[in-house]
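Just below is one structure, and these are the notes that go with it.
The values are calculated or read from the model by the stated rules, or taken from the named source; none is laboratory data. Keep in mind that this is a model prediction, so the values were computed, not measured. So basically every Cβ, Gly included, is an ideal-geometry build from the backbone, and we count neighbours across all protein chains shown. With ligands, DNA and RNA removed, areas are computed over all heavy atoms of the protein, side chains included. Shrake-Rupley method; radii C 1.70, N 1.55, O 1.52, S 1.80 Å.
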Amino acid sequence: IASVFPMERFVPSMSLVAPSAPVTGGTWQASSSRHRARHPPTSSPSAHVATAGVSFVLLARAKGLRSRRTSRAAQAAPSLILDDGWDEPDDSENVPLSKKAPLLIDGRIIVPPKTFKVTSPATGNLVGVAPDATPDMIEASVTAAHRAAPQWAKLRHAERASVLMSCADTLRSNLEALATLQTNESGRPISETRIEVLVAAATFENAARFLDINKERVISEDEEKKVVVRRMPLGVVAVIAPWNAPIVLGWKPTATALACGNTVVLKPAPQTPLTTLRIGELLRPILPRGVLNVVVGSDNVGLRPGETLTRNELVRKVVFTGSTAIGSKVMEACANNGFKRVLLELGGNDPAIVREDADVEKTAEGLFKGAFFNNGQTCCAAKRIYVQEKIYDEFVEAFCKRARMAVLGNGLSASTELGPLASAVQLKHVTELVEDARRKGGRVLCGGGATAGPPGDVSSNTGLFYLPTIVVDVAEGTRLVDEEQFGPVVPVMPYKDDEEAILRANSTKYGLGASIWSENLEKANEIANRLKAGTVWVNRHCEFIRNAPFGGIDSSGIGRAGDLGDQDLSQYTEIRTLCLAKVPPKLPPAVESLKRCPEVHLEERARSMLQRLFRRIRPETWLDVEKGAEEAMRVFPFQPVELRSALESLKDPTGPPAVILRGLPLESPSSRQRRESEASLMGVLGLLEVKSFCYEAEEGDSMVKDLKEETGSIWRRQGRHFPRYDPPRRLFRPEKSVPEFVAAMCTEGDEVQGSIVDFRKLRAVADPEDLKILQQEPLAFFDNETGMRSERVLVAGEMEEDGSVILDLRDAPRFEAEGQAEAVSAFKRLGQLAERWKEDFQLRSGDLIVVNNKRAAHRWPSHAKLRLVQGTRGADQWQERVIK
């Protein structure tokens with residue numbers, strides 16, 4: 001236990017003198033210079049809290065020193081002095097200081113003057129001393145959470161997620177200490193409390209991963225407006241946890257609320273508060289001040305802490321797990337004090353139906369675990385069992401046999417299956433139900449009473465151990481059947497047919513859980529669908545279902561949560577519909593400054609010189625492709641300065657996506673025109689220092705290709721799509737085989753209008769989450785014109801050299817994206833952005849454009865008369881038909 005509450009957690013500070021007047025506004029004023037390094041100026045372990053006109057002075061001590069006496073000025077002040085309680089033992093209680101647990105309020109640890117003992121239900125020994133918070137302290141915790149809410153809500157999802165991931169790591173690193181403490185204060189077997197800690201840690205981690213409230217849903221969009229649905233945090237969420245599973249039922253909703261941008265005041269039950277208080281203390285250095293507050297009170301006199309929370313109008317939602325009777329009071333208080341949202345997980349009277357075709361031994365074992373898990377102190381445990389008459393006696397015998405074999409003991413023992421009941425109050429309730437059943441003719445076949453402790457375990461002698469009890473010869477109208485026993489007692493009753501079983505199972509005001517046991521799985525599934533319960537199991541009971549919404553019907557509660565999806569988002573956020581004015585998108589300055597496609601106009605003198613050079617091309621060289629390439633490079637010596645600089649800019653990371661060269665010479669006849677266009681294209685690639693180029697043509701004497709009509713009018717990156725020489729159905733060539741540059745020249749006909757879209761601009765305006773999805777989720781594309789379906793590929797990737805994003809665009813409706821729904825939607829949004837941010841240009845006969853094929857996609861109309869060539873500076877060799 002000493003390792004659970006170490007002394008070395010406090011920041012040393014000199015003692016403080018009480019203020020002459022209370023501090024207003026509910027703020028904490030710091031005066032410890034050393035502590036200011038960890039927290040904002042108003043954060044200190046020694047400070048004043050002003051709530052309801054009362055000023056609390058919190059005194060922290062220097063580590064390793066004995067307590068300093070409070071100064072006379074402080075003693076004379078009208079303020080209430082709160083000793084932190086950690087520097088010396090409480091002589092009146094004779095409590096070791098390692099066992100005093102603190103509150104967490106506004107980022108500070110506090111032990112108020114009043115405390116109460118927490119003893120082990122297994123041994124009766126003192127486990128620790130819990131702080132007894134006053135109503136003013138609880139109000140202060142709500143004020144702190146309310147003050148911290150706006151800044152916590154403003155954080156980006158990634159920032160909150162990072163904090164919650166650290167919380168998960170902290171819980172896992174303290175697994176054994178926390179599980180041991182929880183076993184000591186609750187009596188549960190340590191194997192179960194370990195699971196509780198791990199589930200809480202997993203919830204922090206998964207909530208951080210999945211609950212992103214910044215995502216919006218677009219309802220409609222046109223030129224003037226955009227209608228979206230967005231979520232916003234609720235504000236302060238009060239979590240009131242029960243005593244039977246305080247870690248899971250306290251920290252799961254807390255983690256979920258925090259992930260959704262809310263701040264939290266967590267109140268554990270006074271029977272088992274210590275582990276929750278310790279976790280709050282462990283998470284204190286991780287979470288911003290005021291985001292998480294943990295308070296508890298004894299519930300003995302005056303206004304209970306839960307009532308204070310539900311009445312405070314700054315609390316916007318109450319998450320309560322407990323009895324239906326208290327839940328109704330919580331709901332009433334929330335309705336009368338600001339219409340708070342509520343999530344209520346209340347009592348249950350869960351039925352289990354055992355059909356005649358069930359495997360008796362397996363069912364007896366399964367229902368023993370389902371009914372007696374946590375000694376029956378579980379909201380969704382099986383609390384009444386209906387068995388078909390034909391196998392009733394056989395099942396009861398097997399069930400009793402398994403119950404008699406149960407190992408009772410201290411939860412710290414590895415062999416213990418069942419610990420004690422949590423309190424004398426619970427023992428009294430269970431005893432009354434069993435005695436009432438006896439008076440009404442019920443027979444107790446095994447168990448039926450409390451025992452001082454497990455045989456041979458002299459350390460466990462509290463009298464809270466209750467033997468697993470099975471009662472028969474009872475029916476509806478008996479308290480044991482109609483009420484929630486919440487203990488190791490279960491009635492077993494016979495029935496004739498399925499209809500009777502369903503009717504009796506559903507004849508209750510509760511509806512939390514239920515189960516059906518049968519070897520006929522189709523029939524079992526049919527019956528499961530007819531049972532009135534929030535969760536129904538087949539051939540199992542009380543089994544945790546990961547990421548499934550949990551909650552009750554009728555008197556078993558209101559709301560569903562726990563799915564880390566739509567239900568949790570609905571419970572912990574408000575939905576808003578926004579009809580927004582359409583604002584033209586703006587690019588970041590760095591992207592806005594990117595150059596548009598420059599144009600180089602060939603002067604008449606240069607044009608004439610180039611024309612003469614072209615006429616020197618020896619026609620016979622065109623019969624050999626490799627020699628033709630060399631000849632084209634040789635006769636393209638003319639290099640206007642502006643062309644050289646424009647082409648060089650294509651290689652610059654901040655350069656344009658393309659360069660246009662206008663006015664190149666083209667002559668008739670067509671044979672000479674072909675050579676001239678090819679020479680121009682190859683010459684430009686030569687100026688780009690291309691080491692190899694790839695060509696494709698129907699005839700073997702051509703180094704460039706004509707644009708095919710069937711591949712026009714679509715976004716393309718040359719060499720990436722439709723590789724004709726690759727295997728069938730493979731429509732994408734690997735990125736390493738894609739050329740860096742593509743040159744296209746208009747050779748004849750009318751003016752050609754093309755489009756180009758710069759990936760850098762798309763990256764700037766696209767949703768980062770969309771790009772992330774497209775980098776992780778592959779898509780396939782069905783071509784509605786050719787009937788071909790591509791392989792699944794990632795349509796967004798990063799260049800290794802500079803991290804820039806490369807995108808594969810596809811035009812709808814010709815290409816239909818297939819794959820994960822979220823990825824398909826992201827791809828459609830990307831296509832819409834491409835249409836909005838594309839740059840149009842025109843080419844006339846003799847004009848040539850050079851495109852950086854790794855930086856942009858281009859598109860041509862179907863009727864365009866173009867010749868294309870593609871090349872790269874770095875590749876030694878691509879696929880087939882490559883010329884160096």
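Observations
- FRET efficiency, residue 577 to residue 832 (Cβ-Cβ, R0 22 Å, nearest 0.05): 0.55
- Rounded FRET efficiency, nearest 0.05, which uses the C-beta distance separating residue 210 from residue 816 and R0 of 22 Å: 0.20
- Simple label model, 7 Å out from Cα along Cβ direction - residue 155 to residue 424, nm: 4.5 nm
- The solvent-accessible area of residue 417, taken with every protein chain present and a 1.4 Å probe, is close to 60 Å².
- In this simple spin-label model, placing a label point 7 Å from the Cα along the Cα-to-Cβ direction at both residue 475 and residue 397 gives a separation of 2.5 nm.
- Principal axis analysis of the Cα atoms in segment 350-412 yields extents of 41, 24, 14 Å, listed in decreasing size.
- Residues in segment 344-376 that a label on residue 407 would reach, taking backbone N under 16 Å of a point 7 Å out along Cα→Cβ: 369, 374-375
- Of the residues 604, 777, 281, 223, ranked by 1.4 Å probe accessible area with the largest first, the sequence reads 223, 604, 777, 281.
- Database remark: amide H of residue 495 closer than 5 angstrom to the amide H of 387, 388, 389 (H placed geometrically; neighbours at sequence offset of 5 or more, or on other chains; Pro and chain starts carry no H).
- Rg/Rh (Cα only; Kirkwood hydrodynamic radius) as it applies to segment 156-299: 1.08
- Kirkwood Rh, Cα atoms: Rg over Rh of segment 260-305: 1.02
- Peptide ranges 175-185, 114-124, 138-148 listed from the most packed, as the mean C-beta count within 10 angstrom indicates: 138-148, 175-185, 114-124
- On the principal axes of its alpha carbon atoms, segment 413-551 extends 50, 39, 26 Å, with the longest extent given first.
- Kirkwood analysis of segment 268-400, using all unique Cα-Cα pairs, places the hydrodynamic radius at 18.3 Å.
- Per atom type, segment 388-533 shows carbon and sulfur on 51% of its accessible surface, probed at 1.4 Å.
- Value of relative contact order over segment 450-549, rounded to a whole percent, pairs C-alpha under 8 Å and six or more apart: 17 percent
- Restricting the trypsin sites (Lys or Arg not before Pro) of segment 320-426 to loop positions (DSSP other than H, G, I, E, B) with no more than 10 neighbouring Cβ atoms within 10 Å leaves nothing.
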